[in-house]
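Structure first, commentary second.
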Amino acid sequence: LPKLSPPCLSESYGSFRVFAELCGALATLHGAVSSHLGGASHQESQVLIRLEEAFGKLANLCQQFCNCISSRDPRGLARLAYAFAKIGDSKHKQNKKLSAASKLGLAQLSKVIQSSDMSKEAGWDMTHLSEIACSYIQEPDQAVYKKIAEAAETLHTDTQSTLKRETLVGFITAFRQTGSMKELYAFLKLLNSSKWFKKNLNQKEVKGLHGEDLVILVTAMVNAEDFETLEELETHLKQDPRKDLDSKHLIDMLKETNACSNQKVKSLGIILQQKIVDAIARRCPPDLDTVLQLCSDERARSKLIDVCSHRDRLERIPKPNEGSAWSKFNPSLESSLAPFVRGKCRAPRLEAAYAGRIMQGLEQCGVFDSPPKTHSSDFVKNMLTAALHFSEDMFASMPALVQTLILGVSNLPTAREDGEMLKTLVRKMLQVGKVAEKDDALTTWTSQIEDAILKAAGSGIYEMRWNDAELTMGGKDFKQLHTKVKDALGESWLSIILARSRRLSWLPGQPIQFHPPRPRAVLRDLAEKYGEVLGQRLKNEVLALTPEAPAPRSAPRGGAGEARSRSREREREVPKAKAKAKAKAAPRAALTVFGGTDVPLGQALEGEYYKDGMNHGKFIFKKIGEDPTGSVDAVFLYYWNGEDCREDLGWWFGDKVGGTEAFMHNPNLGAGSQPPFNGWDKGVKIQPAAFGLGAVKGKGRAKPSAARGPPGPVPPAKRPREEEERHVRLKQWLTGLDEGKGDMLAYYEALKEEFDGDLTQIAAARIENNPRASPVEQVEPTFWEAIKCTKGVHRLKFARGIISLPAS
């Protein structure tokens with residue numbers, strides 16, 4: 001090539017065509033090995049330099065003798081165009097010399113092509129036209145495409161040869177990618193008049209087509225107005241079970257059919273919409289924005305919403321359980337939920353699933369701690385960005401989400417730095433509670449679960465722990481509803497329901513409250529706090545909202561400072577109903593603590609402890625009586641699972657469960673639900689009462705060290721009437737366990753002896769750290785020893801009964 005001179009480009013097929021083939025072969029070889037050239041060795045660098053010089057010289061020479069190149073050798077001309085296109089394709093754009101040679105060479109060949117006689121007599125056919133058309137995709141030349149389109153009309157009229165499908169697909173692809181389809185209108189009409197599509201696209205041919213080829217042929221038929229063949233294609237697609245048509249190809253076809261007003265084409269478009277939804281259901285990468293824009297068929301839209309809201313997709317939503325996790329959560333929101341917002345289309349289950357993730361994520365990130373564990377400006381920005389993906393209608397149907405987000409913002413001191421985002425968010429929330437629901441099934445389930453939880457709690461109770469709500473719904477009374485909802489929504493079904501609930505309220509770190517969320521009230525509080533950020537006009541709009549009625553007096557209120565999380569710093573709230581039950585049932589000692597060598601500390605810790613509920617799946621023990629030193633109001637012994645901090649794992653003495661003040665820590669886990677008896681600092685030791693479930697009367701209760709003084713005062717004995725009522729309730733409970741057969745009454749005396757016949761103490765035998773275990777595994781093993789229950793059937797009945805007892 002460096003020795004190239006004009007005489008080489010003679011009109012002889014023997015010289016020009018072979019030369020053009022050589023250029024094409026060199027360009028192909030360079031494309032295959034280009035990534036290995038240019039730096040590894042001096043020899044390789046020289047090869048690249050020589051190739052650049054050769055094609056640069058060829059491009060310049062073409063400018064000098066383009067009129068000498070034979071137009072009677074279509075194959076040579078097509079191969080030379082291919083060579084220039086190949087060296088200038090997108091992979092070699094970084095090589096400026098080759099890119100410049102490519103542009104110059106194609107520009108000079110354009111003059112030759114426009115002046116050529118592209119007739120059948122001159123040796124031209126559709127293969128040559130297709131190759132030249134494809135060569136100009138990177139550097140579109142409308143004059144070349146117009147010339148080629150006119151030649152295609154002439155060749156199709158003159159030639160009797162069969163046009164191959166592969167050739168036509170490549171030909172139309174070039175025109176489609178360069179926006180030159182209008183130039184092909186007359187040629188495609190000729191194909192329609194000659195029934196080319198009908199002859200070449202039977203059912204067998206359609207099944208063998210690749211997705212991209214089918215897109216091109218549908219484009220051609222729509223432009224050719226071959227509605228008859230399009231109608232047949234619709235039938236083929238209905239019967240086509242194959243799964244290689246991904247959503248991208250189907251969307252491209254749908255774009256073409258949507259541009260046509262013919263009814264037969266519109267019918268094909270509906271089939272394509274349904275195929276797109278099927279492709280998305282197979283987890284093919286969807287372009288939801290385009291799909292929602294193109295899908296006009298209500299059935300297809302409804303099916304698309306169902307596919308995107310399937311439980312498998314809901315469970316794959318990332319969990320923003322730490323600050324860094326929001327970097328994955330927000331892109332998921334953008335790709336999955338935001339298209340529905342932009343398409344003004346509701347997907348209630350998907351919306352509620354993301355809302356539930358946000359509500360739980362804010363808790364796990366410590367937003368509601370005091371002070372907040374997470375309060376960086378990046379976190380605030382990520383939180384507000386996530387919230388802004390929701391539309392006004394979505395906020396209106398999820399008052400619990402509005403309440404949680406606003407309380408979270410109120411608890412973060414850096415929210416002022418993101419004033420514009422906060423103002424936009426508040427404006428979106430002004431319509432909360434005013435939009436009708438869109439998902440009848442989800443609305444019905446939410447109402448039914450609200451009824452079930454409120455019914456199970458009974459009157460006078462204003463809250464229920466999260467685990468208790470899940471177990472309540474898993475009981476036999478509501479099992480059918482629970483199964484249906486869980487199968488539809490997945491493992492996070494309760495957070496989805498609570499995000500939509502209008503009768504139950506849940507704030508991170510607190511039990512489920514039996515009163516409606518109060519989004520307008522917390523918005524008004526926010527306006528008072530951040531009035532300067534919101535501006536006077538928006539502040540007035542918020543203050544004009546009518547606040548919801550206050551929460552019931554005995555339920556925790558939803559103020560920003562009162563929202564609590566489940567970290568070590570959070571206080572554990574005891575429902576009033578539980579406190580009343582404890583007052584009625586005098587505590588019985590389960591453990592005795594001996595004070596050890598530190599006299600002041602020993603006096604505070606030593607004494608008898610009774611069971612006071614559960615924390616992180618293990619018993620809480622509270623000291624009986626007052627602290628003789630008067631330094632603390634109460635002493636608790638409790639377990640912490642260390643999820644938020646591994647250093648906190650183990651058993652603690654403290655004045656509150658999960659409080660900030662702790663007296664002593666033992667990292668040992670203990671046995672079952674019991675604390676470790678040894679391994680405490682300063683000689684402190686623990687001795688269990690009989691069976692670890694309350695001392696047997698008259699024996700098994702250890703006495704504290706004489707050096708430390710007597711234990712706390714023993715509570716007064718029960719009054720006879722209270723005992724009688726308690727024993728009647730016990731008998732009724734036992735009778736109900738076996739539906740009145742009376743077999744379970746055999747354990748009446750043992751339960752009265754070991755637990756004073758008190759159902760509250762019996763309920764404390766439940767282990768709560770593994771709700772997925774079998775019913776029997778959810779009961780403390782020593783319970784069976786205490787009442788001497790050995791029969792498996794009886795244990796199962798007891799276990800189900802204990803699980804159904806209220807935690808308080």
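Taken together, the values in this text are just the output of simple stated rules run on the coordinates, not laboratory data. Remember, it's a predicted structure, so these values are computed and weren't measured experimentally. Positions of Cβ are backbone-derived with ideal geometry, glycine not excepted, and every protein chain shown enters the neighbour counts.
Tell me the net charge near GLY736. Cut-off is 11 Å between Cβ atoms, GLY736 excluded, with +1 for each Lys or Arg and -1 for each Asp or Glu. Provide the component values of the computation, followed by the final result.
Numbers: positive: ARG729, LYS731, LYS741, LYS797, ARG800; negative: ASP738, GLU739.
For residues surrounding GLY736, the net value is +3.
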Chain lengthening between GLU647 and GLU166 when straightened (0.36 nm per residue, less Cα-Cα): 166.3 nm
Qualifying GluC sites (Glu not before Pro) in the range 632-682, DSSP loop, other Cβ atoms within 10 Å at most 10: GLU661
Around ASN192: net Lys/Arg minus Asp/Glu count, Cβ-Cβ under 15 Å: -1
Extended-chain gain in nm, criterion 0.36 nm per residue less alpha-carbon gap, LYS741 and SER115: 214.9 nm
Chain lengthening between HIS310 and ASP378 when straightened (0.36 nm per residue, less Cα-Cα): 21.3 nm
Nearest-0.05 FRET efficiency for LEU22 and SER774, computed from C-beta distance (R0 56 Å): 0.10
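If you add up the charges near ILE453, with Lys and Arg at +1 and Asp and Glu at -1, over every other residue whose beta carbon is less than 12 angstrom from its beta carbon, what do you get?
Neighbourhood net charge equals -3.
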Loop trypsin sites (Lys or Arg not before Pro), the range 726-799, which have at most 13 other Cβ atoms in a 10 Å radius of their Cβ (DSSP): LYS741, ARG772, LYS788, LYS791
29 Å Cα-Cα threshold exceeded, pairs from LYS266/LYS344; LYS476/LYS731; LYS381/LYS484; LYS381/LYS618; LYS344/LYS423; LYS96/LYS182: LYS381/LYS484; LYS381/LYS618; LYS96/LYS182
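Could you sort the peptides 530-543, 379-392 by per-residue average Cβ neighbour count (10 Å cutoff), highest mean leading?
The peptides rank, most packed first, as 379-392, 530-543.
Apply 1/(1 + (r/R0)^6) to the Cβ-Cβ distance of GLU53 and ALA107, taking R0 = 22 Å, and write down the FRET efficiency to the nearest 0.05.
Efficiency at R0 = 22 Å is approximately 0.70.
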